[in-house]
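Here is the structure we will look at.
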Amino acid sequence: MTSPAVVLFDYGSGNLHSARRALERAGARVEVTSDRERAVNADGLVVPGVGAFAACMAGLSGAEGPWIIDQRLSGGRPVLGICVGMQVLFERGVEHDVDTAGCDQWPGVVDKLTAAVLPHMGWNTVDAPKDSRLFQGIADERFYFVHSYAARTWELDSFSGPTQDPLITWATHGEPFVAAVENGPLVATQFHPEKSGEAGTALLRNWLTMLG
Amino acid sequence: MTLSVRVIPCLDVDNGRVVKGVNFLNLTDAGDPVELARTYDAAGADELIFLDITASSSDRSTTYEIVSRTAEQVFIPLTVGGGVRTVDDVDRLLRAGADKVGINTAAIARPEFLTEAAGRFGSQCIVLSVDARRTQGEQNTASGFEVTTHGGRVGTGIDAVQWAARGAELGAGEILLNSMDADGTKDGFDTELIRLVRAVVSVPVIASGGAGSVGDFPPAVHAGADAVLAASVFHFGEITIPQVKGALAQAGYPIRSIDGV
């Protein structure tokens, strides 16, 4: 099997350095680019993101990110959102009373966690569904989170018809929130697999096996 | 409490080399920050901090290079502090591969620097480093602690506890709280300082200064620290990271255990 070709989407947000190396370590050939054609056609597209929801969404839109994600998903081609790269997949995000439209792949809002200490910063456990492919073999590991905002509810309950229901992995900091989503070709993690040591690399490896 | 207590080794780096006596066995080059970072990663460190003590800012290129090499090989979060004065400095460190940037003196001189940096890059990557010491007599601040500069030699008269609270309000996403009184004593962390700062900030607090034995770590967490930092006791192999985690676990705190350690 040849190693899958992954585009790490370079739209001005995220620690691309670590993400590139972690993906390579997991077995991918990685290209860091914002080129539209390359991003649409790669075996896998990774959408990173740190900082503010509004800034990430502006950067992503400026690089035609939402259109690229739509194009890929309509062809069943895998997309992985990381941290704010996951948050922008929701309908909207609210930070400091700024309400920003997201990519609207999933209904629901990303807003501030209710917790004694924020940001939620450090290694936390997750509660993954037992049939999760993303967390296969690593469901008991800890992953590195750093965020103050999250999807505190999951509003897309189930589909009618032949499509498989999305798998939701939860974590808790002050209250439960969505830590990861596996929704057909659209996969996302609120934590940083590229900063989560061996467990994070194993998760990326699991994602790469879902590409082909 | 499901979030684990982070155990963080701190490396002082001068011109790209680790200084202040690192005495590890089985290292081909104990002065190479990248190799040390990999060693600590393998030993279960939850995060790493590089403190750049390079005297001349013109020599910072070596710092960016080692940050870059570390980020390529170590897959845990990396904070880099020391001499960070401008938004451009923050930008360059983040681009080199740092996940968080520590700001100290520059924020004392110009507090709005924290707001500018957090506004551009997000609070999650801005760490306010506070070097605090106890005050005496007429120099007393309200909390009994003041902010110092120049490695604890120069007092500023600024209340350290109030400064930590203000820093968090201005945009710092984490406080690196270093007790200059406890630093180097190996008598344990200054739990009073930790408790006072914990009471006024809701961002994570990293306790630093004074670690001498594994028994010193649980009281720092009990006082309110979210993470514990040590330098020389780790570098000289007097205490290992798994030992610290063992002591924390025994005290009932969640830790991240990794295979084999």
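The values are calculated or read from the model by the stated rules, or taken from the named source; none is laboratory data. It should be emphasised that the depicted structure is a prediction, and the values quoted were computed from it without experimental measurement. Note that we place each Cβ from the backbone using ideal geometry, even for glycine, and neighbour counts take in every protein chain shown. With ligands, DNA and RNA removed, areas are computed over all heavy atoms of the protein, side chains included. Shrake-Rupley method; radii C 1.70, N 1.55, O 1.52, S 1.80 Å.
Couple of notes before you dig in:
- Using the alpha-carbon positions of the stretch A:5-209, Rg (one decimal) and Dmax (whole number) come out as 15.4, 45 Å.
- Structure-based [θ]222 nm, chain B - -39500 (n - 2.57) summed over DSSP H runs of at least 4, per residue, nearest 500: -9500 deg cm²/dmol
- Residue-averaged beta-carbon neighbours from other chains (10 angstrom radius) around A:113-124: 6
- Whole-number percent relative contact order across chain A, with pairs defined as alpha carbons under 8 Å at least 6 apart: 21
- Anchor B:Lys245: lysines whose Cα lies under 25 Å away (excluding residues fewer than 8 positions away in-chain): A:Lys195, B:Lys20, B:Lys100, B:Lys186
- If you take all other residues with their beta carbon under 15 Å from the beta carbon of A:Ala19, and give Lys and Arg +1 and Asp and Glu -1, the sum is +1.
- Ranked packing of A:3-11, B:120-128, most packed first, by mean Cβ within 10 Å: B:120-128, A:3-11
- Counting, for every residue in B:67-80, the Cβ atoms of other protein chains within 10 Å of its Cβ and taking the mean gives 5.
- Working ranking of peptides A:46-52, B:94-100 by packing, defined as the average number of other Cβ atoms within 10 Å per residue, highest first, is A:46-52, B:94-100.
- Accessible area per residue, Å², chain B with all protein chains present, probe 1.4 Å: 39
- Size of the B/A contact, given as accessible area buried on both chains, probe 1.4 Å, in Å²: 2400
- Accessible area expressed per residue, the stretch A:5-209, with surrounding protein chains retained (probe 1.4 Å, Å²): 38
- Within the accessible surface of the stretch A:5-209, defined with a 1.4 Å probe on protein heavy atoms only, the carbon and sulfur portion equals 46 percent.
- Taking A:Gly200, A:Gly93, A:Gly174 in turn, the Gaussian network model of chain A (Cα-Cα springs below 10 Å) assigns the largest fluctuation to A:Gly174.
- Largest accessible area first, the residues A:Ser132, B:Ser257 order themselves as B:Ser257, A:Ser132 under a 1.4 Å probe with ligands, DNA and RNA left out.
- Shielding of peptide B:122-130 by partners, expressed as the average count of other chain Cβ atoms within 10 Å per residue Cβ, is 4.
- Hull volume per residue, based on the alpha-carbon atoms of the protein assembly as shown and their convex hull, is 140 Å³.
- Here's the picture: charge each Lys and Arg Cβ at +1 and each Asp and Glu Cβ at -1 in chain A, and of A:Phe135, A:Gly197, A:Phe145 the one pushed furthest to the positive end of that dipole is A:Gly197.
- With all protein chains in place and a 1.4 Å probe, the accessible surface of chain B carries 48 percent carbon and sulfur.
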